Amino acid sequence: MYNLALNDLKQSIASWRLWTLLGWLEVRQRYARSRLGPFWLTISTGVMIGSIGVVYGTLFGMKMSDYLPYLAVSLVLWTAFSATILEGSTAYISSGHYIRQAATPKLIFMLQVAWRNLVILAHNFLIVVVLLVVFGVKSWETLPVFIPALFLYMANALWIAMLAGLLSARFRDLPQIVAALLQVAFYVTPIIYRPNALTRYSFIVEWNPLAHLIELVRAPLVGELPSYTTWSVTIGLAVVGWLFALAMTGRYLKRIPYWV
């Protein structure tokens, strides 16, 4: 069971030229003949961050120099996470014509989704860079921690996408359920508000693994180090999640062409 999934993953990673090219072409085709290309995403995300920042920053009575970078990091990284899962849930379905015609490794399509959203993340991350330049970097010492934190963050997004894609290929109603769950997760995760804002209902953050995931990548950029608990939860989530996702993939891998 694991051998089949691991062999597919190994072959998929070895075919990195294919999934990086496909992911990049999808981004280019989506914005074909547009002068700004994917930077339209950056502009729309920047407008959303600016409008939400002014409204909620005023409501919460927070300093804009602290709240805007916090909000920008949260929204940009959450967008990459949720888009990876949502697009991963339809990855096998939308690539059904490839899967039925050629004996390619199946996890290529998941890696393609992750790569495409990393490219989009790189474009949107310009907003974070601009705000850090304008308002100042809180701590240069914590910035390098962002690199391993981002790797772990996307690793967790990828195993969830693998499960969502596999189950959605079998049950076609699941992508809509995934979209609804992600919408709920957005509101119960401290993205537009700080964790300490929930004084009476702090358990929503304390028992929410997504709160630890977003804190893992957000903390280094706002001048803090992720706590030991945050590292433990996110690493444990990745290990358990990948083991389960590979087990499910290995068990049902050969059925995917029949489902799509």
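Remarks
- Cα gyration tensor category, rounded, prolate or oblate, for region 186-260 with a/c compared to 1.5: prolate
- Within straight-line cross-link reach of Lys254, lysines at Cα separation under 18 Å, skipping those fewer than 8 residues along the same chain: Lys10, Lys106
- The alpha-carbon positions of region 58-198 define a convex hull whose volume is 122 Å³ per residue.
- Cross-link partners of Lys63 among lysines, defined as those whose alpha carbon lies under 21 angstrom from its own and excluding same-chain residues fewer than eight positions apart: Lys138.
- A full extension of the chain between Thr20 and Glu206 corresponds to an added length of 63.3 nm, given 0.36 nm per residue minus the alpha carbon distance.
- Computed from the C-beta positions of Leu243 and Glu141 and an R0 of 30 Å, the FRET efficiency is 0.35 to the nearest 0.05.
- For the pair Gln183 and Val133, the difference between a 0.36 nm per residue extended length and the Cα-Cα distance amounts to 14.9 nm.
- Between 0 and 90 degrees, the angle of helix 16-30 with respect to the longest Cα principal axis of the chain falls at about 60 degrees.
- Degrees between helix 64-89 axis and first principal axis of the chain (Cα, 0 to 90, nearest 10): 10
- Spin-label proximity, Ile235 to region 1-23 - amide N less than 13 Å from point 7 Å beyond Cα toward beta carbon: none
- Residues Asn3 and Ser44, FRET efficiency given R0 of 45 Å [Cβ-Cβ distance, rounded to 0.05]: 0.50
- Ser65-Leu225 FRET efficiency (beta carbon distance; Förster radius 25 Å; 0.05 resolution): 0.75
- Largest-first principal axis extents of the Cα set of the chain (Å): 56, 45, 35
- Derived scalar couplings between HN and Hα for region 191-198 equal 10, 9, 9, 7, x, 6, 6, 8 Hz in order, rounded to whole Hz, by the Karplus curve 6.51 cos²θ - 1.76 cosθ + 1.60 (θ = phi - 60°), x for Gly and Pro.
- Shape call, region 1-119: gyration tensor on alpha carbons, a/c limit 1.5: prolate
Each value in this text was obtained by applying a stated rule to the coordinates, not by laboratory testing. The shown structure was predicted, so the numbers you read here are calculated from the model rather than taken from an experiment. Counting neighbours? That spans all protein chains shown, and the Cβs are built from the backbone with ideal geometry, glycine included.
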